[in-house]
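Structure first, commentary second.
What follows draws every value from the coordinates through simple rules; no lab data is involved. Bear in mind that the values here come from a model prediction, so they are computed numbers and not experimental data. Here the Cβ is made from the backbone with ideal geometry for all residues, glycine too, and neighbour counts use every protein chain on show.
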Amino acid sequence: MATAPNVIIDPVTRIEGHLRIQAFAEPDGRGGGVIRRPGLCAATMVRGVERILRGRDPRDAWAFTQRICGVCTVVHGVTSVRAVEHAIGIKVPRNADYIRNMMIGAQYVHDHVMHFYHLHALDWVDVTSALQANPAATARLAKDNNPGFKADSGALPNAAYFQGVLNRLTSAAGDGTQLGLFGNGYWGHPAYHLTAEENLLLLSHYIEALAWARDVVKLHAVFGGKDPHPNLVVGGMPCTLSSNPGRVSEDAGGTSLNNAGFAVIRSAIARMQAFVDQVYLPDVLLLAKRYPEWAGYGATAGNFLCYGEFPEPTLVKTEFADGAGDYPAGYLFPRGVIWAGNRDRLATFDPALVTENVAHAWYRGSATGVHPSVGTTELNYTGPAAEGGSGYMLQERDKYSWIKSPRYNGQPMEVGPLAHILTMHARGTLPTDAVVRGYVRKYWTNPASAGGVGLAFAQLNSTLGRIFCRMLETKIIADQMTVWYQGYYKGRAGPYWNPKTFARLREPASWPKVVGVGFTEAPRGALGHWVTIDPGSGKIENYQCVVASQWNAGPRDAGAIEGPYERALVGLTLADVARPLEVLRTIHSFDPCIGCAVHIADPDGQPLVQVEVRHAARSGSLV
Amino acid sequence: MNLRSLTSAPRSGTQLDQDVMLDDATADRLLELGISRRRFLSYCAGLASLMALPQSMVPGLAAAATARTRPSVVYLSFQECTGCLESMVNSFPFQGGGTIENLILNLVSLDFQQTLMAASGDQAEQQLRSATNRSGYVLLIDGSIPAQGNRGYFVSGEKNGVVRFREAAESARLIIAAGTCASFGGLPKADPNPTGAVSVGALLRQLGIKKDLINVPGCPPIPEVLTGVILYYLARGKPALDALNRPTMFYGRSVHEGCYREESFEDGPHARSFDDAHARAGGCLIKLGCKGPVTHSACARIGWNQGTSFPMMSGHGCIGCTEPDFWDRVNTGGTKGFYVPLGHNSSATDPINEGPEQRGRTEGTWGHGHEDDDEDDDDD
């Protein structure tokens, strides 16, 4: 068949999880080609976390859902405790909101920096070219590009420093047989066009970011005891102020929230801000200047969704009530929808318009889409047995992925950093919104003579735009960390946990909701958990997650409308069809998290979620 | 020993003896890698101390960590969440001026690790084939594996989990199961195990493959434990293991034994509620469901994230994540749950040689109270 996929990437590496990409590139006769039709994006692993949750104690759900993903570790936990708190009508103390904001914020900063350097950079940085770099010239470039930055060792990045980086890289490269992690990349591909010195500079930051990352996640350890998978609790936070904050020895008893712990947090925040300002931001701008053509590739349909995140703790005053409006009015990232790339209008988000369908996912169930709170799910693998022989291929007319297709008002939506920046830009009411507008102008739309890259606003919807927006939101959050920390520190002696929480779980008559919903904006985008607690047993009756990477990485729907990853491949021009670097660049620009996207399973064919009509009638809303 | 002391600069008069002799090759290699000898020895000495090894073993650890020919490690991921890798990457005890990255680049040759490797698709699969065609590599696994390959619950590189595992396991010299999912089945295996997930050990038995296996459980494992086990193996071979194939040097004692809140375990005062006065003062969390007494791990001894904290220090009980089937542990009153107490009228040990099969049946001995019986007042 003329259009049989000739671009196949399996496994897609430098992502979380297990992903396969298929596409057809129309050959140009010179080894290259152009992708003119949407690709096929298949998630190839499933565990069944939601099914496992049924019948369990709702207080435990956060720990299970956290393990949906060790990269997104905090956000699934927070979403879960929010869902249960919503279901039973518990408000958390202000300290808990501040701490959750800081923990989610630290995850964003940590995650986005690591994505850029450790998961995405090697799509733009040629390691073999870096080995040819002149250390002295690289030091001059560093002084110009990253003024003020000192290595983790305290060393200035001078010629000797870069010679040391080269030594390490060549030592790792060795005699060529032990390239380790850097082995067999698309090195020498014509689409790489940084200079040798630029390549070495970014690789030095790849190494520096490892040391940096270890320090910034200490914030999670202070509040949550460990990272990954820090501890949370329904009703607030389990951590609490030490009775003896001045005495930091463990022998003195107390808790991690003592003066030593606060010093760790302040230091982590300062390190976040310094690294973002001195390294991440200028490196992204350097990349944008060298690869501006990538603002012309990787666009999705232009519809964006954001649930809202980082509630302003001082504004939380809404009582739990039915329907929309259960959540705080003031979010750093607004709750809303952008249609057709409209830069000025933020439409209202209506939770009832979220649906999932399984037309091309390995489940039985509705091909046309139902609300997550009334969906049914049943595993139905119809793909190849994959015993190791040849001829493995997935077909777009069939079911081909473990990810369901979420839709909003029937449309595929892009979620994540691009959606966050566009919704803040469109809202324009908060001081941080004005900062976003200023940065977009300064660094993106301004001409090169004024320090920008001279690209159109609409071109933010692109491979490069996603990278730029991810950096921009990291900058906004890193700066906001100080505000949250100060707000928290001022009130640190106050409560951390709502003591009514566990008792309330035994009093179903007092619950305002039977279906609780928790929304967060994860680093990769809109994340929602729906929980139904059985009033009789107090156990989880049903649990359902609709996850960020599911929105972006989902397969076609019943109308054969492709998901955002699949759509973003259209128009890609490949220099070498056998080495599809351009496809990796675009897929990686979404920061795939496939463990998150796939989490549903029920081999017994029982409905995962059964919201009885009486529940819906009582709560007045299916949400 | 807490990692805080391990990661700070060596003090005179500590066990970090400046006279530790390194052989010339190791010393040259450190120089070549730009690693401070002093800090490196401090790291090795600390590691030896954590593993309860004599300081005479420090040079051997140092030599293993800097060997010119790096042992090949193939790291394969199955039904996992990437938390184990995050843990390994995000934390490392040695703060010698960023030079630990030298170790990451130089300790082993990580020839396949799909979350970090440059190569993708066919080129990644070529890497895997060429690495597994050479014998003598260490195979590191995270995630459980669906025992029935053809049901499609795990496929990567066009091969199902069983096929992919078998091909990599056959020529490995050692298999390390990193994390609780690989060690014991973990979250995917939690009731009702929707995908038929099994541990690495169970799959080896199913396939009739006999290999050395070390389980390094934890959700995720403490990074210093994982890297310590690798380093120990390179220097000294297989460490002593308990009945669950866990290295006793790290899993020989309960979390409880190293926890400072343990002081009030027997006689109180216990924290009765999150955020109460006793929780703030460091009282035992046993009534809030802490599973520390029956959980074998070095969390409280080593600390997390370079000794910054550990779960109980930050106010939450241990959830028991290094034990088999901890997601389904049955507590007091026959109830599952992380906030259901074990009971507090029992001794603080759980016989380590009691396999997972027996575990469920013995839980009844953990007291007869119930979490709701807050009135059984004996601690205030």
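The base-10 log of I(q)/I(0) for segment A:107-256, evaluated at q = 0.18 Å⁻¹, reads -1.05 [Debye formula, identical scatterers on Cα atoms, solvent excluded].
The shape of segment A:400-488 can be summarised by an equivalent ellipsoid whose semi-axes, obtained from the alpha carbon gyration tensor, come to 25, 21, 12 Å from longest to shortest.
Calculate, in whole percent, how much of the Cα-Cα pair population of segment B:69-249 lies beyond 24 Å. Don't skip to the end; give the middle numbers.
Working: 5395 of 16290 pairs.
So the portion of pairs separated by more than 24 Å is 33 percent.
Applying Stokes-Einstein at 10 °C and 1.306 mPa s to the Kirkwood radius of chain A, computed over alpha-carbon pairs, gives a translational diffusion coefficient of 63 µm² s⁻¹. Note on segment B:240-298: semi-axes of the ellipsoid equivalent to its C-alpha gyration tensor, largest first and rounded to whole Å, are 27, 10, 8.
State the dimensionless ratio Rg/Rh of segment A:6-104 (Rg: radius of gyration of Cα atoms; Rh: Kirkwood radius). Mind dumping the intermediate values first?
Numbers: Rg = 20.6 Å, Rh = 17.1 Å.
Radius of gyration relative to Kirkwood radius: 1.21.
Name the longest site-free stretch of chain A, where the excluded sites are trypsin sites (Lys or Arg not before Pro) in a DSSP loop with no more than 10 other beta-carbon atoms within 10 Å. Walk me through the numbers on the way to the answer.
Working: sites that count: A:R30, A:K317, A:R397, A:R506.
In chain A, the maximal stretch lacking such sites is A:31-316.
Let's test the formula: R0 of 56 Å, r as the Cβ-Cβ distance of A:T445 and A:A509. What FRET efficiency results, to the nearest 0.05? The partial results should precede the final answer.
Details: r = 56 Å, r/R0 = 1.01.
The computed FRET efficiency comes out at 0.50.
Computed from the Kirkwood radius of its Cα pairs, the Stokes-Einstein diffusion coefficient for segment A:500-575 at 10 °C and 1.306 mPa s stands at 102 µm²/s.
The antiparallel fraction among DSSP beta bridges confined to the protein assembly as shown stands at about 70%. In order along segment A:271-284, the phi-based Karplus estimate (6.51 cos²θ - 1.76 cosθ + 1.60, θ = phi - 60°) of 3J(HN,Hα) comes to 5, 4, 5, 5, 5, 5, 5, 8, 10, 4, 4, x, 5, 5 Hz; Gly and Pro are listed as x. Amide H contacts of A:I533 (H built 1.01 Å from N, in plane; Pro and chain starts excluded): A:G516, A:E541 sit under 5 Å, all sequence-distant by 5 or more or on other chains. Do you know the relative contact order of chain A, to the nearest whole percent, from alpha carbon pairs under 8 angstrom that are 6+ apart? Worked out over chain A, it gives 26 percent. Residue by residue along A:577-587, Cβ atoms of other protein chains within 10 Å of the local Cβ number 1 on average. The Stokes-Einstein estimate for segment A:107-170, based on a Kirkwood radius over Cα pairs and taken at 10 °C with 1.306 mPa s viscosity, is a diffusion coefficient of 122 µm²/s.
Legend: mean number of C-beta atoms from other chains within 10 angstrom of residue C-beta atoms, peptide B:270-276, equals 6.
Can you sort A:L232, B:L207, B:L41 so the residue with the fewest Cβ neighbours within 10 Å comes first? Each step should come with its number before you reach the end.
On the way: A:L232 26, B:L207 14, B:L41 22.
Listed from fewest to most nearby Cβ atoms, that is B:L207, B:L41, A:L232.
What residues qualify as long-range amide H neighbours of B:K336, i.e. H under 5 Å apart, gap of 5 or more or another chain, H built at 1.01 Å from N? Here B:N331 satisfy the definition.
Of A:K539/B:K211; A:K226/B:K189; A:K490/B:K291; A:K91/A:K539; A:K226/A:K500; A:K91/B:K291, which ones are farther than 31 Å apart at the Cα?
Numbers: A:K539/B:K211 42 Å; A:K226/B:K189 23 Å; A:K490/B:K291 34 Å; A:K91/A:K539 20 Å; A:K226/A:K500 26 Å; A:K91/B:K291 28 Å.
Too far apart for the 31 Å limit: A:K539/B:K211; A:K490/B:K291.
Do the sum for chain A: with -39,500 (n - 2.57) for every DSSP H run of n ≥ 4, divided by all residues, what is the mean residue ellipticity at 222 nm, to the nearest 500 deg cm²/dmol? Value at 222 nm, helices only: -10500 deg cm²/dmol.
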